[in-house]
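*Asks:* Here it is, the structure, as structure tokens.
The values are calculated or read from the model by the stated rules, or taken from the named source; none is laboratory data. All figures in this text were calculated on a predicted structure; none of them were measured in a lab. Every residue, glycine as well, gets a Cβ built from its backbone with ideal geometry; the counts of neighbours run over all protein chains shown. Note: areas computed on protein heavy atoms with side chains; ligands, DNA, RNA excluded. Shrake-Rupley method; radii C 1.70, N 1.55, O 1.52, S 1.80 Å.
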Amino acid sequence: MKFFLLLSLIGFCWAQYDPHTQYGRTSIVHLFEWRWVDIAKECERYLAPKGFGGVQVSPPNENIVVYNPYRPWWERYQPISYKICTRSGNEDEFRDMVKRCNNVGVRIYVDAVINHMCGAGGGAGTSSTCGSYYNANNRDFPAVPYSAWDFNDGKCDGEINNYNDANQVIDLGGEAITSSEYFGNGRVTEFKYGAKLGTVIRKWSGEKMAYLKNWGEGWGFVPNDRALVFVDNHDNQRGHGAGGASILTFWDARMYKMAVGFMLAHPYGFTRVMSSYRWTRNIQNGQDKNDWIGPPNNNGVTKEVTINPDTTCGNDWVCEHRWRQIRNMVAFRNVVNGQPFSNWWDNGSNQVAFGRGNKGFIVFNNDDWSLSTTLQTGLPAGTYCDVISGDKIDGNCTGIKVYVGNDGKAHFSISNSAEDPFIAIHVEAKL
């Protein structure tokens, strides 16, 4: 059914018992391909005031520069060294970003690609973001240093030739370096994510890896007990927003906002919102095809993220996390944190609703007909502002008002053709 297909988009979240966000902040945002200087500004001007707990950043380590296709997003996942030097910025800018974001209670989560290097097709030379030499076919990366002795050869030819082959994807095309003395014994002296940059959590981009002892040593801004790790394989994220949000049409945007809304309302896991830039779209042989483009740029130089007067982003950036529906659901999740899943209702099709204890309630209509029904919300009596259609400002609501009776029940009407066919209320949106 459509609704449950929609929920497949909830690949954005993963379980984690203690993500070490500041108390009361329950979600992070993946500012995909943003520059470090722009992330620092966004932490201060928007993320902290809106209750975001952290930012997942794109891999900060030096990578190969790809020109065919021109500067695609995936070149960030083709490392050649652990120098902090990419099109997002240098080490000083990264350090400044971490410090400024931490100062306002927003943590930095690094997408750290440390158990594989660029594919064998990367060639040789100094076509890299910091000019370091490499010879991919010979497994020679002297800037680490890695040599052919450090790689698990023999599984394939060093490339992923079939993304439908789980073994190739998980083994990362034979690029894995888990046999390396430097990697396996935790002795990569040039690996600077924690020791110099003070990030809270490193996110590894790969599944088959060795255990790194002394992983918490040398942290700059945070104590050793925060040396936690999320494990995620970026190649397995394909189709789950890993490479940018494909917000292409009115209906696509509706589905995206509902999926993220459901994720943020549901108590499962630790949630991550995707925010990036728009893909281009081609039609080939009657099928939609996404172009593997990189971030908005001028001749390869990533554009600044500018902010329009209406608080949306400019300069070709989309910034889904600034959409009212998304940032208000981040606030919803913060309000209902710790509350039980409650008052489930569905119509046997694609209209569903549920609450979070006595703190919040949400209703979705993903059917081809209107929803009109009275439901038990579990909330105290009163008038509430629907945070999907509007905001509570100075005691008034700019969107739909929902009236909850003394019995906790409220009537909900949602057209199937509404721009946002869902309603969410919580106790801090009570008028």
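*Asks:* Set the Förster radius R0 to 22 Å, insert the Cβ-Cβ distance between N297 and N90 as r into 1/(1 + (r/R0)^6), and round the FRET efficiency to 0.05.
*Replies:* Once the sixth-power term is evaluated, E becomes 0.80.
*Asks:* Ignoring ligands, DNA and RNA, what accessible area per residue does the range 65-149 give at 1.4 Å, in Å²?
*Replies:* Value for the range 65-149: 37 Å² per residue.
*Asks:* With a point put 7 Å past each Cα toward its Cβ, work out how far W149 is from T311 in nm, to one decimal.
*Replies:* Output for this residue pair reads 5.8 nm.
*Asks:* Based on the Cβ-Cβ distance of D407 and E304, what FRET efficiency does E = 1/(1 + (r/R0)^6) give at R0 = 60 Å, to the nearest 0.05?
*Replies:* Computed FRET efficiency for D407 and E304 comes out at 0.70.
*Asks:* How high is the relative contact order of the range 360-431, in percent, with contacts defined as C-alpha pairs under 8 Å that are six or more residues apart?
*Replies:* About 45 percent, as a whole number.
*Asks:* Dipole of the range 296-370, Cα-centred, from +1 at each Lys and Arg C-beta and -1 at each Asp and Glu C-beta, to the nearest 20 debye?
*Replies:* Dipole of the range 296-370, to the nearest 20 debye: 400 debye.
*Asks:* If I model a spin label at N138 and N347 as a point 7 Å from the Cα along the Cα→Cβ vector, what separation in nanometres do I get?
*Replies:* The two pseudo-label positions are separated by 6.7 nm.
*Asks:* Run the numbers for S415 and T383: contour at 0.36 nm per residue of separation, minus the present Cα-Cα distance, in nm.
*Replies:* So the chain would gain 9.4 nm between S415 and T383.
*Asks:* Starting from the Cα-Cα distance between T126 and Q376, subtract it from 0.36 nm times their residue separation and give me the gain in nm to one decimal.
*Replies:* 83.6 nm
*Asks:* Follow-up. Taking a threshold of 21 Å on the Cα-Cα distance, which of the pairs K50/K303; K50/K257; K50/K392; K50/K83 fall above it?
*Replies:* K50/K303; K50/K83
*Asks:* Sticking with this structure for a sec: Place the peptides 81-87, 395-401, 133-139 in order of packing, highest mean first, counting for every residue the other Cβ atoms within 10 Å and averaging per peptide.
*Replies:* 81-87, 133-139, 395-401
*Asks:* Going highest first, how would you order 22-28, 368-374 by mean Cβ packing within 10 Å?
*Replies:* Answer by packing, highest mean first, reads 22-28, 368-374.
*Asks:* Then there is this: Where in the range 309-352 is the amide nitrogen less than 14 Å from a point lying 7 Å along the Cα-to-Cβ axis of Y268?
*Replies:* 341
*Asks:* Could you check how much of the accessible area of the range 317-411 is carbon and sulfur, as a whole percent, using a 1.4 Å probe?
*Replies:* So the carbon and sulfur contribution to the accessible surface is 45 percent.
*Asks:* Label-point separation (nm) for Y70 and T398, each offset 7 Å from Cα along Cα-to-Cβ?
*Replies:* 3.7 nm
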